[in-house]
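The values are calculated or read from the model by the stated rules, or taken from the named source; none is laboratory data. If you're wondering where the values come from, they're calculated on a predicted model, not measured in any experiment. Cβ atoms come from the backbone with ideal geometry, glycine included; neighbour counts cover every protein chain shown. These accessible areas exclude ligands, DNA and RNA; they are computed on the full protein's heavy atoms, side chains included. Shrake-Rupley method; radii C 1.70, N 1.55, O 1.52, S 1.80 Å.
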Amino acid sequence: MIRAAACGGLTLVAYLSGVAACANEAGTTTAVVFDSAGITIAATALLPDGTILIGDAGSRQLRLFDSSGRSVRTFGGQGGGPGRGEGEDPGEGLGEGPEGSPGELPFLRSIAILPGDTIVASAWPFGLLSRFALDGTFLGSTRLGPFWPGVVAEILSDGSLLLDLYDRGYADDIETWAASGTQPLFRPRGWLVRVFPDGRRHTLREMRGEQWFKRGEARHDPWVAPRPFGPTSSVAVTGSRLYVGDTERAEIEVLSLGGALQGLVRWEEEPVPVTRADRDQVREAALGSLREPARRNAVERWLDEAPYPAYKPAFSALFADRTGRLWIQVPVMADSPSDRWIVFDVDGRSLARLESPAGSRVLDAGEDWAILVWKNEVEQELVRLYRVEK
């Protein structure tokens, strides 16, 4: 389903026109909404011809939409070969094995458009890179893994992978601490690693994962989950640079793809306190997503004892657009109707402060467009393309 975008939802674009053009220049916008009907969006990219590429982690497929929102082609999934046109049967019974069949994306994590308009998708196991032409033709795959990253799994412009790797693996480190660790709080420690198409590895810097809190002993109804509003590391990638930060500090490192420090981005914001409303939202989300009713008491005790910080993290997300600008999502109060972003240019100068729909994510952006995704009232993920005419 395609719907015209309401003018009231274009706050982000109005500010973006100030970034892409001049601070006081009005921008004309056009937008469409894609009703994903259950799509679990892993990644999105805008192709040179205006086609929107969506990575559907639910069906393990890549989906192409033209600039008006019309579905053009679906590929990946089962087997390789040319993509399917609109209305054709997408097929069933996708393989679950580690090898899969050619062109299959059994666990889609990220996508990228490489030079030559080649689509590359990373899938299970991490380190399997599958390449497709724009018409959906499967071009081959390269297996660099398997890897077990924590929060970072990016494809760089040369086809290399950027991953955060840990001694035993992110999940195994957490499970080991949960079973035998003596401290109630734990942050996995790993390394940000670049893996080249020929298998070479280059370690860039240390990385820290989410901070986890556990309540109870191994034999006494334990529960383990990320600490609410706890610290974590975040990475954004664009062109020839990386942005890396820890949410405990209002500071982002600017690194070369080789790991050399090229600069720092800093900002000042009034700290946002963690309130009772925030705690209530955390409790509602935790209990609402519980799939094991028998564990409700354990989760409620965990929520009662979890150590909340006095203030929210310095930032909650990083995003780097195709022009090299850095978007930093800064905290808001629990009842805020919108999220807030600060945008910096490639030299670290603040350009604008933006607002986007509460709970939305910026998936891709360029000089005069941005793609956002968020969930509607019935939990469907919606993708909206914003365009700015200078």
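Report yes if residue 279 is open to solvent by 20 Å² or more (accessible area, probe 1.4 Å) and over 20 Å from residue 46 (Cβ atoms), otherwise no.
yes
Within the group 255, 242, which residue is touching a residue at least 60 places away in the same chain (Cβ under 8 Å) and open to solvent by less than 80 Å² (accessible area, probe 1.4 Å)?
242
For residues in the range 162-214 being under 24 Å from the mean Cα position of the chain (by Cα) and among the basic types (Lys, Arg), which is farthest from residue 145 (Cα to Cα)?
Top of the filtered list is 187.
So that you can scan it fast, the table gives a plain yes or no per residue for (1) among the small types (Gly, Ala, Ser); (2) in contact with an Asp or Glu (Cβ under 9 Å, 6 or more places away or on another chain); (3) at pLDDT below 90:
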{"residue": "157", "(1), (2), (3)": "yes, no, yes"}
{"residue": "162", "(1), (2), (3)": "no, yes, no"}
{"residue": "173", "(1), (2), (3)": "no, yes, no"}
{"residue": "179", "(1), (2), (3)": "yes, no, yes"}
{"residue": "197", "(1), (2), (3)": "no, yes, yes"}
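Condition check ((1) touching a residue at least 40 places away in the same chain (Cβ under 8 Å); (2) basic (Lys, Arg); (3) at positive phi) across all residues:
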position	(1), (2), (3)
136	yes, no, yes
156	yes, no, no
172	no, no, no
176	no, no, no
179	no, no, no
187	yes, yes, no
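Out of 343, 330, 362, which single residue is β-branched (Val, Ile, Thr), under 26 Å from residue 275 (Cβ atoms) and in contact with a helix residue (DSSP H, G or I) (Cβ under 9 Å, 6 or more places away or on another chain)?
Among 343, 330, 362, only 362 is β-branched (Val, Ile, Thr), under 26 Å from residue 275 (Cβ atoms) and in contact with a helix residue (DSSP H, G or I) (Cβ under 9 Å, 6 or more places away or on another chain).
Within the range 200-218, track down each residue that is over 16 Å from residue 186 (Cα atoms) and of a type in the set (Lys, Arg).
Result: 200, 201, 205.
I need every pair where a residue in the range 344-356 that is at positive phi has its Cβ under 6 Å from the Cβ of a residue that is open to solvent by 80 Å² or more (accessible area, probe 1.4 Å), sequence separation at least 6 or different chains.
none
Yes/no per residue for (1) surrounded by fewer than 16 Cβ atoms within 10 Å (Cβ to Cβ); (2) in a strand (DSSP E or B):
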{"site": "192", "(1), (2)": "no, yes"}
{"site": "217", "(1), (2)": "yes, no"}
{"site": "229", "(1), (2)": "no, no"}
{"site": "234", "(1), (2)": "no, yes"}
{"site": "263", "(1), (2)": "yes, yes"}
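Can you list the strands (runs of 3 or more DSSP E) lying wholly within the range 10-71 that have 3 or more residues being on the phi > 0 side of the Ramachandran plot, at pLDDT 75 or above and open to solvent by less than 10 Å² (accessible area, probe 1.4 Å)?
It comes to none.
Which of the numbered conditions does residue 110 fail, given that it passes all the others? Conditions: (1) out of contact with any Gly (no Cβ under 7 Å at 6 or more places or on another chain); (2) over 30 Å from residue 50 (Cα atoms).
Of (1) out of contact with any Gly (no Cβ under 7 Å at 6 or more places or on another chain); (2) over 30 Å from residue 50 (Cα atoms), only one is false for residue 110: (2).
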